[in-house]
């Protein structure tokens, strides 16, 4: 079985490091020359919050200009696309010609990108995978740090599903690969899982990006906590209204987030208390991926997360002012019009 990981950023390099250590035939593909060179020279160096998570694994990487060499080494059975959402189309095209006849593409990304991938390789060659509460950061070439504890028995990190909802041998194969990294399962509810993760991303990613704060800093600010609850409530109501069977968002049901957003003070307090308590099990350096993007001067996925939520709400007549307001704030920071600060988010 030959595996390609298209995008050796935080998630791609993290998963690739474990695959390489396990002895799988895996190649990472990336567009950052320094990253590719470091992987080939020094392997992948991973670190986490416990000693077993800290290791180095020899690995092989290709620059995007060298992907053509795969024609000489054999077809790819499983291609994990781990790019930002705005790079999904060209990344899928890049690997399409190198797939085995029964090869398929796994979208291991934020947002909802399966339709884009299917438009290129066909729905029969698409698998979705959610990575929930993984909190990894590429801290330098070929170096990844994880800022939260392993999910283990408390939380299932990887959820693998087919668009049609059936449990198939191929998603069981993907689950088994990922289970060597952290907790993993197959799901018959890919779209509900996807939208639930979208809600979690919507509340945390842009808030960190616009405020300049890490996950703990956002959770400790009363105004930002309330903004995140409103964002999640809007997103959950929109997803539910579109017919998705939502899974838990964090520790709470979608109905709890909706109730808190709509004014239930008791459930709001319960959620806020949990948000504060979560700081204790999380590194102070931990930042969601969009917060990392702003600090590195990179484009964000705000249009594919909060913008997507607001657009889907508009389709069915549900306003999403908190999500729309966050998009405006993040774009202003991303373009350099304003510096990141909690003040960017007051009054949304």
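Can you give me the relative contact order of the chain as a percent, contacts being Cα pairs under 8 Å and 6 or more apart? Could you put the intermediate results ahead of the total?
Working: 687 pairs, mean separation 49.1, N = 348.
After rounding, I find 14 percent.
Before anything else, pin down the relative contact order of region 2-188: Cα pairs under 8 Å, at least 6 apart, normalised by residue count, whole percent.
Working: 404 pairs, mean separation 38.2, N = 187.
About 20 percent, as a whole number.
With everything on Cα atoms, drop me the angle between helix 169-179 and the longest principal axis of the chain, reported from 0 to 90° to the nearest 10.
Once rounded, the angle reads 80 degrees.
Any idea how far apart residue 71 and residue 155 come out in nm if each label point goes 7 Å out from Cα toward Cβ?
Here the modelled spin labels are 4.5 nm apart.
Diagonalise the Cα gyration tensor of region 184-263 and give the resulting equivalent ellipsoid semi-axes, square root of 5 times each eigenvalue, largest first, whole Å.
Equivalent ellipsoid of region 184-263: 23, 15, 10 Å, largest first.
By how many degrees, between 0 and 90 and to the nearest 10, does the Cα long axis of helix 190-211 differ from the longest principal axis of the chain?
70
For the residues 171, 305, what sequence is obtained by ranking on other C-beta atoms within 10 Å, fewest first? Display every interim value, and only then the final one.
Numbers: 171 24, 305 30.
Ascending Cβ contact count within 10 Å gives the list 171, 305.
Taking 0.36 nm per residue of sequence separation and subtracting the Cα-Cα distance, how much length would be gained by fully extending the chain between residue 299 and residue 173, in nm to one decimal? Provide the component values of the computation, followed by the final result.
Numbers: separation 126, 0.36 × 126 = 45.36 nm, distance 3.34 nm.
Separation in residues times 0.36 nm, less the Cα-Cα distance, equals 42.0 nm.
Between rounded, prolate and oblate, where does region 44-107 land on the alpha carbon gyration tensor, with a ≥ b ≥ c its root eigenvalues, rounded for a/c under 1.5, else prolate if a/b exceeds b/c? Please list the in-between numbers first.
Values: a/c = 2.16, a/b = 1.71, b/c = 1.26.
Prolate, because a/c is 1.5 or more and a/b exceeds b/c.
In percent, how large is the relative contact order of region 193-345, given Cα pairs closer than 8 Å and 6 or more residues apart?
That works out to 36 percent.
Please give the contour-minus-distance gain from residue 55 to residue 311: 0.36 nm per residue of separation, less the Cα-Cα distance, rounded to one decimal in nm. All intermediate terms of the calculation are to be shown ahead of the outcome.
On the way: separation 256, 0.36 × 256 = 92.16 nm, distance 4.24 nm.
Computed gain between residue 55 and residue 311 is 87.9 nm.
To the nearest µm²/s, what D does Stokes-Einstein give for region 89-222 at 37 °C and 0.692 mPa s, using the Kirkwood radius over alpha carbon pairs as Rh? Don't jump to the answer; show the numbers that get you there.
Details: Rh = 16.3 Å.
For these conditions, the coefficient is 201 µm²/s.
On C-alpha positions alone, give me the angle between the axis of helix 265-277 and the longest principal axis of the chain, in degrees, nearest 10.
Helix 265-277 and the main axis of the chain meet at about 40 degrees.
Of 311, 102, 176, which has the largest mean-square fluctuation in a 10 Å C-alpha GNM of the chain?
Looking only at 311, 102, 176, the biggest GNM fluctuation is shown by 102.
If you average 1/r over all unlike Cα pairs in region 193-345 and invert the result, what Kirkwood radius do you get in angstrom? Intermediate values should be presented prior to the final figure.
Working: mean 1/r = 0.0659 Å⁻¹.
Result for region 193-345, one decimal place: 15.2 Å.
Based on the alpha-carbon set only, what is the convex hull volume of the chain divided per residue, in Å³? List each step's numbers first, then the result.
On the way: hull volume 43.3 nm³, N = 348.
Given the Cα convex hull of the chain, per-residue volume reads 125 Å³.
Considering every pair of different Cα atoms, what Kirkwood radius, in Å, is found for region 2-188?
On the way: mean 1/r = 0.0613 Å⁻¹.
One over the average 1/r among Cα pairs gives 16.3 Å for region 2-188.
For region 37-77, build the convex hull from the C-alpha positions and give me its volume per residue in Å³.
On the way: hull volume 4.3 nm³, N = 41.
Per residue, the Cα convex hull of region 37-77 comes to 104 Å³.
No value in this document is a laboratory result; all are computed from the given coordinates. Only a predicted model underlies this, so the values are computations on that prediction, with no experimental measurement involved. Here Cβ is always computed from backbone atoms with ideal geometry, including for glycine, and neighbour counts include all displayed protein chains.
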